[in-house]
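Derivation of every value follows stated rules applied to the coordinates shown; laboratory data play no part. Nothing here was measured: the structure is a model prediction, and the numbers come from that model. Positions of Cβ are generated from backbone atoms using ideal geometry, with glycine treated the same way; all protein chains shown enter the neighbour counts.
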Amino acid sequence: MTTHLIAASILAADFGNLQRDVELLNQSQADWIHVDIMDGRFVPNISFGFPVMEAVAKHAQKPLDVHLMIVEPERYIKAFADAGASNITVHYEVCPNLHRTVQMIKELGCTAGVALNPHTPVKLLADIINDLDLVLIMSVNPGFGGQRFIENTYKKLHDVRSLSSFSNPDLLIEVDGGVGVNNASKLINAGANVLVAGNAVFSAADPKVTIAQLKSAV
């Protein structure tokens with residue numbers, strides 16, 4: 001029985017045909033639509049803001065999984081919740097008052113997640129792991145799609161699962177970057193239960209088939 005979720009990333013979609021690609025995801029076995037928000041400060045890229053987010057939300061029939069790769073995310077959390085986010089994930093590296101930020105997300109009725117960059121150790125989450133709905137492990141350095149997968153990710157997924165196993169066994173453990181049919185099973189076995197896939201989906205001859213393959217990985 002499949003227990004993991006697939007979050008298809010629209011960062012890899014065709015922005016000239018965004019409605020078409022969102023509707024394709026609606027018709028697929030994807031569980032979530034992953035939305036990467038980049039500000040050009042925390043990461044060396046700028047993606048999109050509220051108008052695009054609202055356009056996606058207008059057509060999406062799946063929950064929007066919003067990943068804020070931005071500084072001072074607490075300034076924008078309510079706006080993203082209002083724009084249609086179901087899940088909001090912020091980065092550990094930019095949140096000096098992380099517990100407060102997590103509580104803010106929850107008070108707005110969203111699932112609260114914390115992301116870790118490849119160089120950030122899992123042990124830093126020890127004091128907040130019980131308050132989280134989701135941990136996102138970056139398996140590439142954030143900012144651009146299509147990067148090479150970092151092998152240490154498997155160990156980090158295992159570490160998150162170990163850290164949460166007693167106190168927060170229902171924690172969602174998401175992995176983002178270089179995820180595809182070739183490594184989906186290994187990521188799941190390492191502890192991931194949410195797979196973010198962008199290039200693997202939208203560069204495929206049949207994206208819906210690729211999503212089905214990711215969904216059926218064991």
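Below, the figures for the structure above:
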{"quantity": "Share, in percent, of DSSP beta bridges within segment 5-215 that are antiparallel, nearest 5", "calculated": "5"}
{"quantity": "Under-5 Å amide H pairs with Leu172, H placed in peptide plane, nonlocal only", "calculated": "Leu134, Val135"}
{"quantity": "The chain - percent relative contact order, Cα under 8 Å, separation 6 or more", "calculated": "22"}
{"quantity": "Residue among His67, His59, His34 with the largest mean-square fluctuation in a Gaussian network model of the chain, springs linking Cα atoms under 10 Å", "calculated": "His59"}
{"quantity": "Point-charge dipole on Cβ atoms (K/R +1, D/E -1) for segment 5-215, about Cα centre, debye to 20", "calculated": "320"}
{"quantity": "Listed pairs Lys78/Lys156; Lys78/Lys215; Lys62/Lys215; Lys106/Lys156; Lys62/Lys106 exceeding 21 Å between Cα atoms", "calculated": "Lys78/Lys156; Lys78/Lys215; Lys106/Lys156"}
{"quantity": "The chain: most fluctuating residue of Ser167, Ser86, Ser28 per GNM, C-alpha cutoff 10 Å", "calculated": "Ser167"}
